[in-house]
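Inspection log for the structure reproduced underneath, given as structure tokens.
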Amino acid sequence: MHRVVITGAGTINALGHDVPSTLAAMREGRCGIGPLSIRDVDRLSVRIGGQVTGFDEAQHFSRQELSLYDRFTQFALIAAREAMAQSGLAPEGEAALRIGVVLGNSGGGLGTTDDNYRAVYEEGKSRVHPFVVPRLMNNAAASHISMAHGLMGPSFTVSTACASSNHAMGLAFQMVRSGAAPAMVTGGSEAMLCFGGVKAWEGLRVMSRRGCRPFSRDRDGMVQGEGAAVYVFETEESARARGAEILAEVAGFAMTSDASDIVMPSQQGAERAIAGALADAGLSAGEVGYINAHGTGTAANDRTECAAVASVFGAAAERVMISSTKSMHGHLIGGTGAVELLACLSALRDGVVPPTIGYAEADPDCPLDVVPNVAREARVGAALSNAFAFGGLNAVLALRAG
Amino acid sequence: MQMDKTLDADASMLPSAHRDIGARVTAILAEQAMLEPSDVEPQHSLAEIGIDSLGLVESIFAIEEAFDIQVPFNANDPAASAEAFDISTVATITAAVESLVRQQHA
């Protein structure tokens, strides 16, 4: 068994195009959600999202690369570049054969699918670009990261809806802890903000048209976001031997299945995942200073999540801070846990707990300290990051300050 | 069976277009509940005929398609949605659809 540490982090999302700008936005409680700028937005009833703006793909990639990279792959590659540069990990020889990439995503190249369905169904074209399949496949992002950085070990993609990234990072953690790999590149990416991607979510009638206000009594649903975050997980020995900076320790992980309903969350399933992550990390609830909530802003999730935390934490629930940064960057679906891990790094490393913004009114069903509207300075020794997916699949990570 | 008569009696008081809306809404809800339309009564709540939250969202979709209307309903807050679309009973849903058809097809 090895101790597992994070030595690199990278991101691009609605709050910023890298980690420092994202952490600054979280500290300021800035909202990255705004009017959507996408084709046919006038035919949508939900017209807001946490969109990556000011992004010129041509500044990052060549024309040939772009013919192969869907937007979710572009985001993943940009985040991986930042994480690898910070980590300083330069795999070569034997090590490169054992280091791989585990990414979470749910929609894959949905924008590519959307564009090409439009071409053949709406515009009546009989021919599509030859690279449609390699662009849209769910593993494209993980594969391109492996190619960009010469990582020849185990690489694959995990798709468990809103828990995809947490499942991916949890598996990467287990692989490094067990010695199966000396290091892993992991995280998640999503780019579902296209006409079809938003239209599909509209159908379920759980989306807000105003904003994402988790835990607030006046909340009225979720808001989609997009982007990626990627990390380098490696053994503590390796990080120390290289003299790499340790951002935090990944201390535990647990996953459970509700086995009950395809969309409604179960308090028991969430409880078992939270308690399992604490046990796996050897942490008591009282040691946890911060929880990054799943906190989607739907009536059902926020109520159930608060009840689960209260039940597992007991008296410690009165002291723990729990915030949902989805209020700022939106719900990145398969990429969400990855971007949200940055909030845990902020708490553990910088002593800044990002807030739940848009909070207007206390909800008796959510009676926890949700860090309303303003970030808080605090010494946090351990943190949890929750993800509870449609399908009843729960994945919770536990981290300690490095 | 007595309910059928009541339904017919109520319906007969309405102009034919509205009678038609009531019957069509009942048929949509009955199909979702896997019941015969004659088993669905105006005072029934959705829970009473076995329609859960997912079934409700599907029923609203079917109503939007059948009547070519937009139903303002957010599953996060059925109470707040109630002003525009009261889902308490089959009868309130029918009344809400009639009102939306009037507004949106005016």
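Annotations for the structure displayed:
- Three-way shape label, the stretch A:85-219, alpha-carbon gyration tensor, a/c 1.5: oblate
- For the stretch A:1-140: rounded, prolate or oblate by the Cα gyration tensor [a/c cutoff 1.5]: oblate
- Highest mean packing first, where packing is the average number of other Cβ atoms within 10 Å per residue, the peptides A:394-400, A:362-368, A:60-66 line up as A:394-400, A:362-368, A:60-66.
- Per-residue average of Cβ from other chains inside 10 Å of A:253-265: 1
- Bridge type composition, chain A - antiparallel percent by DSSP, nearest 5: 70 percent
- Rh (Kirkwood; distinct C-alpha pairs) - chain A, Å: 20.6 Å
- Shown for chain A are the DSSP H helices of 15 Å or more along their axis, judged by Cα atoms, with a mean Kyte-Doolittle hydropathy of at least -1.0: A:71-87, A:164-178, A:267-281, A:299-313.
- Quotient of Cα Rg and 2.2 N^0.38 Å for the stretch A:252-401, N being how many residues it contains: 0.93
- Descending by average beta-carbon neighbour count within 10 Å, the peptides A:75-88, B:37-50, A:207-220, A:145-158 line up as A:75-88, A:207-220, A:145-158, B:37-50, the highest first.
- Average beta-carbon neighbours from other chains, 10 Å sphere, peptide A:195-208: 2
Any read-out appearing in this document is the output of simple, stated calculations on the displayed coordinates, not a laboratory observation. The structure presented is a predicted model; accordingly, all values stated were derived computationally and were not measured. Please note: Cβ atoms are built from the backbone with ideal geometry, for glycine as well, and neighbour counts cover all protein chains shown.
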